[in-house]
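Student: Once you've had a glance at the structure underneath, I'll fire off some questions.
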Amino acid sequence: MNTYIKNKYSLLFHNKNFDKLLLATFLSEMGNQMQRFGIPWIIFHITNSGSLMALNFSLSLIPGVFFGFIGGIISDRVSRKRMLLLINIVAFFIIALIMFLIRYENNVNIVFIFILTFIISSLTSMYEPTFSASLPVIVPKKNLISMNNIFNIIGSIIGLIGPAVAGIIIGIYGAWMCIIINGISYLLSFIVILFIKSDLAVINNKEESIKKDLYIVKKYVYENKWFLFCLLVTAAVYISTGSIGSVLQFLFLHYLHLSGFMFGFTFVLFEFIPVLLVGLFSSKILKRFDSILIIQITASLFCLSLLIMGVSLNYFLIVLMGMLQNASFALLMVAWNSKRQSEIPNNILGKINGGIVTIQSFLLPVGSLSATALINFISVPKIISIFGLISLTFILILILLKKQIIKQY
């Protein structure tokens, strides 16, 4: 058994820089899980408003439109290690400052929460393309799929531990403690990254203008139509994700009336089992089937699960469809990330990833704000089904036009 694990996940035993980056990811993502559950809980119990919960979710997405591509550009020009360090330590001090200010407020102002959400999301938008572009520097191309599988397994573990721990902390210490833990996680992540023995960047001394960077991205998309096709397919998924993300927790609290324990337990069912299974078997799936085919199928399944989820308020049906959503989304991301990391030159990977974060961060709020606008007129289950139907229809049309889009692939 030990030999099997060492052979399948050799990266964990032979790449110390990867181990440190993985640990840093685990720490920061655990902290993000705390804030992910803590913030909506605080907003709901202060305002009892589904619209404000959805608005906060939208605020967490908007910064990526402005900072995603900028972060990608910077990450192709400077030491990515230093950039990751800077983002982590700034996030720590921002949370510390917000908590200090709130301590002297008799009544918690919801504006403080929105400011915290916006700033942390801005930093995260710059972190994502930098982190993603750093991985191929320390991981050989032949191990990229295995690497993404490992991140999926870690994600499933976080999906198991995070909601459960957040629920316990909220029940015992209150939701604000989740925010404090998130701040500590950024500090710990900073310390771990400090010991990575690599700049996590390729040698690229060219100082291009932003206009030139935009031209490089545009040229790459034009010359690689497989990328354009996958980008359009995932765009539909991003819009659907924005819609479900803005109303899901309100669905649990307002429609299903879940307790703190059941709230966390439901997210464990949603995320742990499906993401763990994807982490264990995605390597075999990706080796057997074409990545673009996997992207098509998983995107379609994701949208179909939304369509079915909105049909009924049956708890078990909602959980089952939630598991299908997370499994299909996880496999979609493994295929999409592995394809980009293996095909795109690393000296422009930061720009490309930054562009994707920008597009993603534009489309997620489109879905989120649209769902927020509809929440006062249409029931949440109907909103979920509508977005599932629209996105699924768009993806099926793209699949029918695939040959016209990908002419030279």
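Student: Can you tell me how the chain classifies by the Cα gyration tensor, rounded, prolate or oblate, using a/c under 1.5 as the rounded cut?
Tutor: rounded
Student: Checking the a/c ratio against 1.5 first, then a/b against b/c, what shape does the Cα gyration tensor give for region 284-352?
Tutor: prolate
Student: May I ask you to list, by number, the DSSP H helices of the chain whose Cα span along the axis is at least 24 Å and whose average Kyte-Doolittle hydropathy reaches 1.6 or more?
Tutor: Membrane-span-like by this criterion, though nothing is claimed about a membrane: 80-103, 110-138, 144-172, 176-194, 291-309, 380-400.
Student: What does the helix-only formula give at 222 nm for the chain: each DSSP H stretch with n ≥ 4 adding -39500 (n - 2.57), the total divided by the residues, and the result rounded to the nearest 500 deg cm²/dmol?
Tutor: -28500 deg cm²/dmol
Student: Another one. Round to a whole angstrom and tell me the spacing of the C-alpha centers of region 56-130 and region 333-409.
Tutor: Here the answer is 23 Å between Cα centres.
Student: Taking GluC sites (Glu not before Pro) as candidate sites, keep only those in a DSSP loop with at most 11 other Cβ atoms within 10 Å, then name the longest stretch of the chain containing none of them.
Tutor: After excluding every exposed loop site, the longest remaining stretch is 208-409.
Student: Which entries in 142/211; 287/382; 20/141; 16/402; 197/219 show an alpha-carbon gap greater than 30 Å?
Tutor: 142/211; 287/382; 16/402; 197/219
Student: Hey, another quick one. Rounded, prolate or oblate: which one fits region 231-303, using the alpha carbon gyration tensor with axes a ≥ b ≥ c (rounded when a/c is under 1.5, else prolate when a/b beats b/c, else oblate)?
Tutor: Note, shape of region 231-303 comes out oblate.
Student: Further question: Would you mind calculating the relative contact order of the chain from Cα pairs under 8 angstrom and at least 6 residues apart, reporting the percent as a whole number?
Tutor: 30
Values in this text are rule-based calculations from the coordinates and carry no lab data. Bear in mind that the values here come from a model prediction, so they are computed numbers and not experimental data. Cβ coordinates were reconstructed from backbone atoms using ideal geometry, including for glycine residues, and neighbour counts include every protein chain displayed.
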